[in-house]
Amino acid sequence: AHRTHLVLGFHYARNHERLTTIRFPIQAWYATTSRSSQGASVNATQGLDSIDEAGRQSVSGCAGSRLTNCISSGLAHVLILVDSRAAVGRPTESVADLVAFMALAQSTQTAECAPAQSILDLMVAGCLTDESEPRLSQQDFAFLSALYTVNPEQNASHQRGEIVLRMSRPTGAQ
């Protein structure tokens, strides 16, 4: 991370030390890209998006709409570290589910239990109450399904609302 700052994703230099401090047994860093439907990324090389960086020009979107700005973002790569000492005694499948969820959805780790049953609770003390093996929950699957079907060019607040709406619908409903 000291030689290649892009591994940790977009951040300002003043946040580097805080960003490189490992605070959780499983922790992820996300490098993102931006794309405009008006053209490719400003930082693109040969038509490929490049990783978002502090101090570099960003993409420009379109004006005139409250629903979209014609800009979408994506994950260029995800770096996930697992403290093997903390994973000892936990089912391998559960740890793999958590890593997969974190790779698919830019997740923020906390030291608190999630409001709904989630694989994100696997490494948080006192969150898992039943004796069953922790796995991706119905809420986790609903979130991932909603996340990957929402229009990526909608404004962030509209995307969040659409995700909540899609998650609240019964399985299989449009």
### Query
What FRET efficiency would be calculated for the residue pair ALA111, ARG169, taking the C-beta separation as r and a Förster radius of 25 Å, to the nearest 0.05?
0.20
### Query
Hey, rough spin-label estimate for THR32 and THR149, points 7 angstrom out along Cα→Cβ, what's it come to in nanometres?
2.4
#### Entry: ³J(HN,Hα) computed for each position of segment 101-111 - Karplus, 6.51 cos²θ - 1.76 cosθ + 1.60, integer Hz, glycine/proline x
4, 5, 6, 7, 9, 4, 10, 9, 6, 9, 9
### Message
Check which residues have an amide H placed less than 5 Å from THR32's amide H, if you skip close sequence neighbours.
### Response
PHE10, ASP52, ALA76
### Spin-label model distance (nm) - SER84 vs ARG23, 7 Å beyond Cα toward Cβ
2.7
### Query
By the gyration tensor of its Cα atoms, with a ≥ b ≥ c the square roots of the eigenvalues, what is the shape of segment 107-149: rounded for a/c under 1.5, prolate for a/b over b/c, or oblate?
oblate
#### Entry: Hz values of 3J(HN,Hα) by residue in segment 26-33 - Karplus curve (6.51, -1.76, 1.60), Gly and Pro given as x
10, 9, 10, 10, 10, 9, 10, 10
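Every number in this text was worked out from the coordinates using simple rules, so none of it is lab data. Since the model is a prediction, treat every value here as computed from it, not as a measurement. Reconstructed Cβ throughout: ideal geometry from the backbone, glycine too, with neighbour counts over all protein chains shown.
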